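Novice: Have a look at the structure that comes next, please.
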Amino acid sequence: MQAFKSSLKNISPHLVFKRSILPSQMAFVNYCFSDYRPKTRFQSNRTQQNINIKQSKEDYETRRELIEIYNRRKQSGDYNLDQSLLDKLKKLLGETKSIYIANEILAIVGQAKEQDIDVNKDILAKLENQINQFETLSPKNQIMIFNNLQKLNFRNDKELVNAKNTLSAMIANVIRNNIEKLHRIDLILFFSTIVKTNVYDLDLIQKMVQSIFNQLETLNHQDLSNFVYHCGRIIETSDKTGRLEEANYVREKVNENQSLLSTKLAELLFASTNHQQITHTIWAVDRLRLKSDIVLNNCERAFFRVKSSLSNQNFAIIVNSFTHMDHCPANVFDEIKKEILKRKDNLTIDEFSSILRAVILSKEANYMDILDKFDKKFVSSIETVSIPVLTTFLLAYTTANMNNKTVDLIYDRIQKSLSEIDPNSLGFIVWSLAVLERYDRLELWQQALQQLSNIELNKMSGVLLRELCQGYLSLILYFRKDPGQEAKVKELTTKYEQMRSILKETILIQRYLNYNPAEAIKEFDFHQITNSLGIKTIPEFVLEAYNIDYALINVNKEVIKDLKEKVSKNMIKFDKPGQKNEKIEPFEEIKKDKENNIYVEIDGEYHYIPNTDILKGGSILKSNQLRALGYKLVIIKFHECYELSKLESIEKRALALLDLIEKNLDK
């Protein structure tokens, strides 16, 4: 019988006996599995063998008492540290030489929201003095101490925080030598803790991630969700932490194991009803860029299954994830919109703002009607909401090119809080003033620019540079109308040119890294047509503070008319589809010629508020500024592209394209 019991070591009773059984049979099952049933914290982790046989009986009893205190506090939910308990813990810390007792005190103190910094300091000192004992501990106990240590709160005492981080790194170094010996549960726990606390390096991440991927098929849903969530966190925080090598390694391993990982995640999403698990998994799918159909479809199913019972926070995280991964088709967004409207009275402005920002940035979601439902609620709290909430609502109105009373109230509040606003938000505010042509707010405009003038240009992000360049261009064009403002225009132009030169390099690098020649050919064979017409065409051309789809070199209205006539008389031989064309050379440097170059911008569907004919504010600003500067800009709308693509011959498409260009030039 003992041999039979031993064979059941890794089997759970509920996996063997799926149907209900008689009480008499259950007694036999209980006996068979008695050695392997889930145990209490003391039984499972604190057996006499684990505690260390060499400890005195007194230490053993003390430790058992501390564990009972821990369990009682956990069951009652009362984690306050009263004075009598604090005195007892301090006394024990002073007397004990056992690292196990220090760990039990650490666990009790870590439970408390309000911690005593002196006790925390004593615990840290005790662990530092006993660091030589760590190598004698089992890997499980090492991880337990490491995990408990992270719960100590030293508030803003940098010296103690640094001491805690140093000790954490020392313990992590001890554990790294035992990675392969860790049980998967301990491995996942350690992995999640080091990612949360940022106590890791490339070698440790490589060992842990590889070890977990080796056991991927054995991970249960909770472990799998924890693993992918913290992999996502490594990638998410890599820019802030500077740990790009670790993030790249995680991406590499995810790509290597994508098929199995996608299958496991699909199974999790299909079966799980745990809200946190589903939320973390969908968030991780986005961050890890797992875009297989099986995963995305199960993300949808899981969301539809639990959407009504999700907390507002988890609901916002999932909406952000769907929109960030560009997976917000009509059926998903309809459900999101219904859920937002159901929660209208319960959503705080902060929670709605988080969802609104995600929906605005989505390429497929029309947010105008839900914005209208929350306008009154936002206005009533406009004096107390945070700056990020203000800028989110301003982004919504600016993107839709809406000037209304709410926008005025936002600008009023921003002007009062200007000194509290970060540089990136200031840049956006300048851009919104430009889009909405708010020259009645010149004081706000100039104050924001003055505040930003203290930042070195080469330390600004590409987005901030672009927004400032477009803001400066608007001011230059505005002050040019007044002959008495020549000095002002000259000053603004100097600053604009300095920014634009840095911005151009940034745009070129980004475009070069992301450029795909196959994608540069538009739906109606734009480049093939212009090649056949003998027009030198440069895609992805940088013009002022903008990137333009195509620059047509040495072409003017007369040339277009002449080409139309030649095409209509069949005097031009067109390349056949698939035939090699002149090599596309993006980013080529040419002289900006306002008279003899034509610049073509194709306003695709994403230039419009989805399912409307409302052009987004940024697209309006681009065309207005470039035309005001004297450039010959041709705008081809997405429905015009669609009509061109339906024409059966390239000759007809060429004639229709030339006709569109000519009509645009006549405007």
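Novice: Can you give the FRET efficiency for Leu260 and Ile387, using 1/(1 + (r/R0)^6), R0 = 41 Å, r = Cβ-Cβ distance, to the nearest 0.05?
Specialist: For R0 = 41 Å, the calculated efficiency reads 0.40.
Novice: Past 28 Å, Cα to Cα, is the threshold; run Lys481/Lys622; Lys459/Lys594; Lys536/Lys561 against it and keep the listed order.
Specialist: Over 28 Å apart, Cα to Cα: Lys459/Lys594.
Novice: Quantify, in whole percent, the carbon and sulfur part of the accessible surface of the stretch 230-276 (1.4 Å probe; protein heavy atoms only).
Specialist: 45 percent
Novice: Per residue, how much accessible surface does the stretch 402-477 expose to a 1.4 Å probe? Answer in Å², no decimals.
Specialist: Result: 42 Å² per residue.
Novice: Suppose R0 equals 60 Å; then what is the FRET efficiency for Asn596 and Lys88 from their Cβ-Cβ distance, rounded to the nearest 0.05?
Specialist: 0.10
Novice: Taking all protein chains in place and a 1.4 Å probe, what share, in percent, of the accessible surface of the stretch 116-192 do carbon and sulfur account for?
Specialist: After summing per-atom areas, the C and S share lands at 46 percent.
Novice: For a paramagnetic label modelled at 7 Å from the Cα of Ile572 toward its Cβ, which residues of the stretch 644-667 fall within the zone defined by backbone nitrogen distances under 12 Å?
Specialist: Under 12 Å, as judged by backbone N against the label point of Ile572, lie 650-662 of the stretch 644-667.
Novice: Give the residue list of trypsin sites (Lys or Arg not before Pro) in the stretch 341-387 that are DSSP loop and have at most 14 other beta-carbon atoms within 10 angstrom.
Specialist: Passing sites in the stretch 341-387 are Lys344, Lys363.
Novice: Just to make sure I understand: if all protein chains stay in place, what is the order of Glu95, Glu217, Glu351 by accessible area at 1.4 Å, largest first?
Specialist: Highest to lowest solvent-accessible surface, that is Glu217, Glu95, Glu351.
Novice: Where the accessible area of the stretch 277-317 is counted over protein heavy atoms with a 1.4 Å probe, how much of it, in %, is carbon and sulfur?
Specialist: 47 percent
Novice: For the ranges 67-77, 468-478, what's the packing order if you count other beta-carbon atoms within 10 Å of each residue, average per peptide, and put the highest first?
Specialist: The densest-packed peptide leads the list: 468-478, 67-77.
Novice: Starting from the 7 Å offset along Cα-to-Cβ, what nm value, one decimal, do you get for the label separation of Ala628 and Ala125?
Specialist: 6.7 nm
Novice: Moving to a separate point now. What translational diffusion coefficient, to the nearest whole µm²/s, does the stretch 317-400 have by Stokes-Einstein, given a Kirkwood radius computed over alpha-carbon pairs, a temperature of 10 °C and 1.306 mPa s viscosity?
Specialist: 123 µm²/s
Novice: Work out, in µm²/s and without decimals, the Stokes-Einstein translational diffusion coefficient of the stretch 428-503 at 20 °C, 1.002 mPa s, Rh from Kirkwood over C-alpha pairs.
Specialist: Once the numbers are plugged in, D ends up at 171 µm²/s.
Novice: Give the aspartates and glutamates whose C-alpha is closer than 17 Å to that of Lys416, dropping any in the same chain fewer than 8 places away, or say none.
Specialist: Cross-link targets: Glu383, Asp408, Asp440, Glu443.
Novice: Roughly how many Å² of Met170 are accessible to a 1.4 Å probe, to the nearest 10?
Specialist: 90 Å²
Novice: Enumerate the whole-percent occupancy of each 10 Å bin, from 0 to the last occupied one, for all C-alpha pair distances of the stretch 408-454.
Specialist: Result, from short to long distances: 27, 65, 8 percent.
Novice: When the C-alpha atoms of the stretch 174-243 are aligned to their principal axes, what extent does each axis show, in angstrom, from largest down?
Specialist: 33, 27, 17
The values are calculated or read from the model by the stated rules, or taken from the named source; none is laboratory data. This is a predicted model, so every value here is computed, not measured. Cβ: placed from backbone, ideal geometry, glycine included. Neighbour counts: every protein chain shown. Please note that ligands, DNA and RNA were not included when accessible areas were found on the heavy atoms of the full protein model with its side chains. Shrake-Rupley method; radii C 1.70, N 1.55, O 1.52, S 1.80 Å.
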